[in-house]
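Okay, so here's the structure we're looking at.
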Amino acid sequence: MAIIGTDTNHAAEVLDTGGLVGIPTETVYGLAANAFNEEAIVKVYKAKNRPAFDPLITHIANQEALQPLVKHVPVKAKQLMDKFWPGPLTLVLAKSDKINDLISSGLSTAAFRMPRHKLLHELLEKLNFPIVAPSANPFGYVSPTTAKHVNLQLGEKIDYILDGGSSKIGIESTIISFEQDDPIILRLGGLSVEEIEAAVGKVNISISSSSKPSAPGMLISHYSPTKSVLLGNIDELIKKHQKDKIGVLSYHKKYPSYPNFVLSEKASLDEAAKNLFSGLRWFETQDIDLVLTENVPNEGLGKAINDRLNRASIK
Ligand code: TXA
Ligand code: MG
């Protein structure tokens with residue numbers, strides 16, 4: 001198990017000397033390393049058991065830190081960062097030579113994000129390098145939203161975990177890349193499509209889910225927990241699975257006859273997003289085989305929630 005604490009000086013020292021630190025962000029917890037230290041980058045892939053073709057997001061403290069790392073910033077990218085950074089938005093941009101090919105998996109582009117979390121910001125300000133940080137889960141598991149989640153799964157492999165409380169948004173950042181300078185959403189996430197379109201107009205969505213990813217990392221099974229998840233109409237699924245050991249992950253209705261995790265009793269999509277990954281993890285501790293769940297309204301953060309439920313469920 002790793003040491004957990006709130007000491008940003010210690011976290012900075014660990015990163016400075018090539019170690020790994022679990023970091024809080026407003027979306028999910030990350031597994032951070034010095035982006036300018038090749039050995040440290042390799043450690044991140046190893047600790048997560050992550051394939052080398054799945055590139056990392058570089059996290060920066062401010063827009064000035066971005067300039068030397070990129071070759072070109074499209075006008076709409078600049079508008080988006082002005083409006084939504086710091087926040088749950090990742091931009092994929094043409095990278096400069098300062099970004100190691102290991103970070104970008106050999107692509108000519110790389111992903112950048114300026115997170116919005118007080119303690120993490122305090123840490124970033126103490127560093128004279130950016131940090132790479134994938135979500136702090138072993139490859140193929142749901143992302144962690146607390147320091148404890150990180151410790152349970154990766155504690156042995158990391159030097160320190162900075163505890164910033166539970167993640168406020170609870171779902172990963174929205175990823176946007178650019179084609180001929182036009183934005184394309186590659187991953188639905190903590191910044192809603194509605195907010196993005198209000199800022200820069202209609203945006204195409206291209207969330208691939210094949211096993212040969214054009215947007216790496218969006219593999220179909222990427223969010224599968226160890227229990228089987230069935231997505232549909234919960235009442236019908238219950239009737240069909242009377243003989244199975246079932247649990248219910250519902251949006252706002254209660255199912256008291258079964259192990260039940262309600263995402264948001266008051267039917268708030270923001271609250272449901274915040275609780276989603278803890279909910280999926282909770283079933284791992286229950287004596288059940290099947291998790292029955294349902295889509296939430298497909299608006300706001302509901303789109304990203306439905307995307308994650310879809311990926312977690314068996315077809
Ligand atoms: O909210 C988040 O984004 C969290 C926190 C820790 O910041 N991080 C996160 O990282 O979700 P990760 O590694 O789990 O997912 C990052 C994804 C990759 O799987 C990949 O799909 C995409 O970012 N990505 C990175 N570089 C890319 C590139 N050059 N082109 C397309 N997609 C890229
Ligand atoms: Mg991830």
Asp54 meets each of (1) closer than 15 Å to Phe129 by Cβ; (2) buried (at least 17 other Cβ atoms within 10 Å of the Cβ) with one exception, condition (1)
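Considering only the range 204-226, I want to know if a residue exists there that is modelled with pLDDT of 95 or more and either part of a loop (DSSP other than H, G, I, E, B) or not charged (D, E, K, R) (or both).
Our first condition is that a residue be modelled with pLDDT of 95 or more; within the range 204-226, this holds for 204-205.
So of that shortlist, the ones also either part of a loop (DSSP other than H, G, I, E, B) or not charged (D, E, K, R) (or both) come out as 204-205.
Yes: one or more hits.
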Selection over the range 95-118 where residues are open to solvent by less than 30 Å² (accessible area, probe 1.4 Å) and in a helix (DSSP H, G or I) yields a count of 2
Q. Do we find that Glu39 is at pLDDT 95 or above, more than 30 Å from Leu80 (Cβ to Cβ) and not hydrophobic (A, V, I, L, M, F, W, C) in this structure?
A. yes
Looking across the range 1-41 at residues that are among the charged types (D, E, K, R) and either in a loop (DSSP other than H, G, I, E, B) or touching a residue at least 12 places away in the same chain (Cβ under 8 Å) (or both), the single one that is nearest to ligand 2 (Cβ to nearest atom) is Glu26
When restricted to Val70, Val42, Val21, the only residue within 14 Å of ligand 1 (Cβ to nearest atom) and closer than 15 Å to Lys157 by Cα is Val21
(message) Residues that are outside any loop (DSSP other than H, G, I, E, B), open to solvent by 20 Å² or more (accessible area, probe 1.4 Å) and within 16 Å of ligand 2 (Cβ to nearest atom): does the range 120-135 have at least one?
(response) yes
Residue set Gly164, Gly170; condition crowded, with 17+ Cβ neighbours inside 10 Å and closer than 17 Å to Thr90 by Cβ; output residue Gly170
Original post:
What do you reckon, is Asp101 within 12 Å of ligand 1 (Cβ to nearest atom) and more than 30 Å from Phe283 (Cβ to Cβ)?
Top reply: yes
Subset of the range 280-315, residues of a type in the set (A, V, I, L, M) and either crowded, with 17+ Cβ neighbours inside 10 Å or under 15 Å from the mean Cα position of the chain (by Cα) (or both), comes to Leu280, Ile288, Leu290, Val291, Leu292, Val296, Leu301, Ala304, Ile305, Leu309, Ala312
Among Leu20, Leu15, the single one that is under 14 Å from Asn128 (Cβ atoms) and either surrounded by fewer than 17 Cβ atoms within 10 Å (Cβ to Cβ) or out of contact with any Gly (no Cβ under 9 Å at 6 or more places or on another chain) (or both) is Leu15
With criteria (1) among the acidic types (Asp, Glu); (2) within 18 Å of the chain's Cα centre (by Cα); (3) open to solvent by 60 Å² or more (accessible area, probe 1.4 Å), Glu64 comes up short on (2)
Condition check for Pro74: touching a Phe, Trp or Tyr at 6+ places or on another chain (Cβ under 8 Å) and open to solvent by less than 60 Å² (accessible area, probe 1.4 Å): yes
Picked from the range 234-252 (must be of a type in the set (D, E, K, R), over 19 Å from Arg281 (Cα atoms) and open to solvent by less than 100 Å² (accessible area, probe 1.4 Å)), the residue modelled with the highest pLDDT is Asp235
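The values are calculated or read from the model by the stated rules, or taken from the named source; none is laboratory data. Note that the coordinates shown come from a computational prediction; the quantities given were computed from them, not determined experimentally. All Cβ positions, glycine included, derive from the backbone under ideal geometry; neighbour counts span all protein chains shown. The protein model used for the area step is the full one, side chains on, heavy atoms only, and it has no ligands, DNA or RNA in it. Shrake-Rupley method; radii C 1.70, N 1.55, O 1.52, S 1.80 Å.
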